[in-house]
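Structure record follows, encoded as structure tokens.
The values are calculated or read from the model by the stated rules, or taken from the named source; none is laboratory data. This is a predicted model, so every value here is computed, not measured. Note: ideal-geometry Cβ built from the backbone for every residue, glycine included; neighbour counts use all protein chains shown. Each accessible area value is taken on the protein alone, full model and side chains, heavy atoms only, with ligands, DNA and RNA left out. Shrake-Rupley method; radii C 1.70, N 1.55, O 1.52, S 1.80 Å.
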Amino acid sequence: MNEEKNVKPSFFKELGVFMNPYQKKYALSIVLSIFSVAAGIAAYGFVGKIVFVLFAGKTALTNILAFAIAAAVCKLLNALLLNLSTWISHKAAYHTLQDIREALSEKLLRLPMGYFEENGSGRLKTILVDHVEGMEKTLAHVLPELTANLLAPFCCILWMFFIDWRLSLIALVWIIIGFSVTGGMMTDYSSKYEGQIKAFKGMNQAVVEYVNGIEVIKNFGQADKCYQKYQDAVYGHACYNVNWQKETQKYASLGMAIAPFSIFPILIGGLIFHSYGTMEAGSLFMMILLSFGIFGPLMNAMNYFDQLAAMGTNASEIKAVLNYPELKRGEGVSTENLDISYSNVSFSYKDGKKVLKNISLHIPQGSMLALVGPSGSGKSTIAKLLAGFWDADEGSIQIGAKPIEDFTQEQLNSLIAYVDQETFLFDETIQDNIRIGCPEASSEDVIKTARLACCDDFISALPQGYETKAGESGGRLSGGERQRIAIVRAMMKNAPIMILDEATASTDPENEAMIQKALNAAAKGKTLIIVAHRLATIVNAEQIAFIKDGQIKAIGNHRELLQICPEYKTMWELTEVDKNA
């Protein structure tokens with residue numbers, strides 16, 4: 001099991017399928033890279049010819065000039081082919097990353113909404129933007145350049161063996177010893193790299209938390225304590241990297257002291273062989289020249305292995321999103337009515353603890369159901385299961401006597417308008433934010449709906465009225481104003497079922513009457529499900545279910561619950577005390 005844990009994920013294993021449509025481009029890039037290397041080696045050959053001519057005492061300018069021009073042409077061809085290879089691989093890489101991004105975007109539309117509660121926008125942004133973008137450099141360069149950096153030294157060494165096998169063997173053993181020492185850095189590399197990633201994520205989370213919570217930190221005088229947490233995370237990340245670097249430095253230093261100087265054994269051995277007359281001066285010079293083309297490319301190739309490891313880690317996180325299980329949905333059904341029923345529904349989150357236990361409800365079409373109860377009782381989860389955040393573990397949820405699993409996701413979305421307390425508005429005009437509920441709606445339709453929701457007065461009072469920009473995430477508006485606009489947007493959708501999940505949580509008492517009017521307007525001809533903590537907004541509901549510990553403790557209208565549910569009565573009395581205070 002430990003072995004399996006320490007195996008680094010491979011991009012080609014995780015996301016190689018996205019490269020398949022561009023195999024020809026990647027293959028052409030490799031072929032051009034090989035020809036580029038061949039041209040570079042040929043340039044060495046023509047320089048060697050010049051050397052042999054000079055050492056042979058043949059100084060005819062025409063011979064030297066011809067070889068020099070040939071060497072220059074080969075070097076130019078080497079550069080052109082390498083650039084062409086890299087350009088083609090970049091083109092293939094960008095198309096590959098485009099396909100990955102499109103696949104991620106399409107997947108996000110099919111994921112259950114509960115996924116986005118479990119995974120914050122920061123993490124998803126990191127995956128969609130940073131992880132994908134981080135693979136571009138490696139994907140575009142690794143195939144052509146890794147091929148060139150491995151092939152060029154191989155060709156140089158092979159050529160050296162044709163010139164003098166003795167010196168070539170000495171140089172090869174010398175390089176192998178140097179890289180073997182350097183290889184000590186790779187001991188337990190997989191687990192160390194994962195530790196480095198873990199330390200980085202911890203630091204990143206601490207930084208984001210510190211920046212996002214700076215107002216709370218300063219307001220409650222927690223600067224020292226919170227800064228210490230931030231400092232510990234940053235220091236821990238730095239220490240991990242420094243210690244890892246310190247551990248590997250001895251191998252790197254010793255290896256770098258041996259491997260790069262392959263010229264050293266060639267020079268010493270070559271001079272000895274030359275002194276005994278077993279090696280020509282021109283051959284020795286050519287051996288020295290070729291030795292310069294070995295170490296540099298090999299070191300460049302080694303650098304790609306670290307990038308490949310990082311890309312494999314990024315690929316595994318992307319693949320986790322693409323493989324995340326989708327909701328069970330069918331081919332679509334037709335229904336005669338839109339009565340909603342929950343039959344023995346149970347549900348638990350990832351920790352396995354049941355948050356809902358055998359919930360059974362019947363909500364007639366066009367009626368209003370309110371879900372009330374203490375925090376954490378499961379009220380919102382009941383509503384979210386209908387809205388498609390998750391699938392129930394047990395039992396059945398039906399609309400019109402048809403299980404919601406038989407509906408298509410698009411069909412279910414068209415039936416339900418959902419508003420929660422975490423209201424999000426785009427940095428567009430108020431009118432455009434409302435029109436999201438019905439993109440083809442006219443300006444008159446938008447204003448008419450806003451009036452029904454008792455929102456026209458406050459919108460008209462804004463600096464540019466309906467043309468006022470909401471700001472990033474609706475930041476130019478108060479929480480109550482954002483929620484009221486979200487209710488208008490939901491009404492604009494004109495879905496037959498509306499779910500308001502604590503949608504009045506940020507409203508002040510002055511707005512409560514307005515919200516009540518908006519709810520009454522929204523409920524006309526629609527099935528309305530409200531998760532509420534302010535009982536004054538739901539006293540007119542046909543059904544009120546009191547939820548506690550994931551179970552329905554009592555259900556009835558307002559008057560009935562005051563008689564049969566002491567806990568509900570206590571909540572109502574506290575509401576009355578707050579109103580009179």
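Keeping every protein chain present and rolling a 1.4 Å probe, give me the accessible area per residue for the stretch 356-429 in Å².
Heavy-atom accessible area per residue stands at 38 Å².
Using a 1.4 Å probe on the protein chains only, how many percent of the accessible area of the stretch 307-403 belongs to carbon and sulfur?
46 percent
How large is ³J(HN,Hα), in whole Hz, for each residue of the stretch 364-380 in order, when computed from phi with the Karplus curve 6.51 cos²θ - 1.76 cosθ + 1.60 and θ = phi - 60°, using x for Gly and Pro?
x, 4, x, 9, 10, 10, 10, 10, 10, x, x, 4, x, 7, x, 4, 5
Under 1.5 on a/c is rounded, so check that first for the stretch 336-471, then, if it is not, pick prolate when a/b is larger than b/c and oblate when it is not; a ≥ b ≥ c are the square roots of the alpha carbon gyration tensor eigenvalues.
prolate
Would you please give the FRET efficiency between GLN205 and SER473, computed as 1/(1 + (r/R0)^6) with r the Cβ-Cβ distance and R0 = 25 Å, to the nearest 0.05?
Computed FRET efficiency for GLN205 and SER473: 0.75.
Determine, from the Cβ-Cβ distance of ARG123 and GLN231 and an R0 of 25 Å, the FRET efficiency 1/(1 + (r/R0)^6), rounded to the nearest 0.05.
0.60
For the stretch 273-395, just say rounded, prolate or oblate: build the C-alpha gyration tensor, square-root its eigenvalues into a ≥ b ≥ c, call rounded for a/c under 1.5, and beyond that prolate if a/b exceeds b/c, oblate if not.
prolate
Calculate, in nm to one decimal, what THR278 and LEU158 gain on full extension: separation in residues at 0.36 nm each, minus their alpha carbon distance.
41.2 nm
With a ≥ b ≥ c the root eigenvalues of the C-alpha gyration tensor of the stretch 387-427, is it rounded (a/c under 1.5), prolate (a/b larger than b/c) or oblate?
Taking the square roots of the gyration eigenvalues as a ≥ b ≥ c, the stretch 387-427 is prolate.
Can you sort HIS95, HIS237 by 1.4 Å-probe accessible area, starting with the largest?
HIS95, HIS237
Output the peptides 564-572, 392-400 sorted from most to least packed, where packing is the average of other Cβ atoms within 10 Å over each peptide's residues.
So the peptides 564-572, 392-400, ranked by packing, come out 392-400, 564-572.
Probe 1.4 Å, all protein chains in place: accessible area of MET203 in Å², nearest 10?
40 Å²
I'd like the distance between the alpha-carbon centres of the stretch 368-401 and the stretch 466-480, rounded to an integer number of Å.
Cα centres, the stretch 368-401 to the stretch 466-480: 30 Å.
Using a 10 Å cut-off on Cβ atoms, rank the peptides 148-161, 74-87, 370-383 from the highest mean neighbour count down.
So the order, starting with the most tightly packed, is 370-383, 148-161, 74-87.
Which order do peptides 470-478, 542-550, 319-327 fall in by mean Cβ count within 10 Å, highest first?
Descending mean neighbour count gives 542-550, 470-478, 319-327.
So if we plug the beta-carbon distance of GLN563 and THR335 into 1/(1 + (r/R0)^6) with R0 = 35 Å, what FRET efficiency do we get, rounded to 0.05?
0.50
Run through all the Cα pairs of the stretch 386-460 and give the fraction in each 10 Å bin from 0, expressed as whole percent.
Cα pair-distance distribution for the stretch 386-460, in percent: 15, 37, 26, 19, 3.
Which residues among the stretch 315-338 fall inside the zone where the amide N is under 16 Å from a point 7 Å beyond the Cα of GLN98, along Cα→Cβ?
Those under the cut-off are none; the list is empty.
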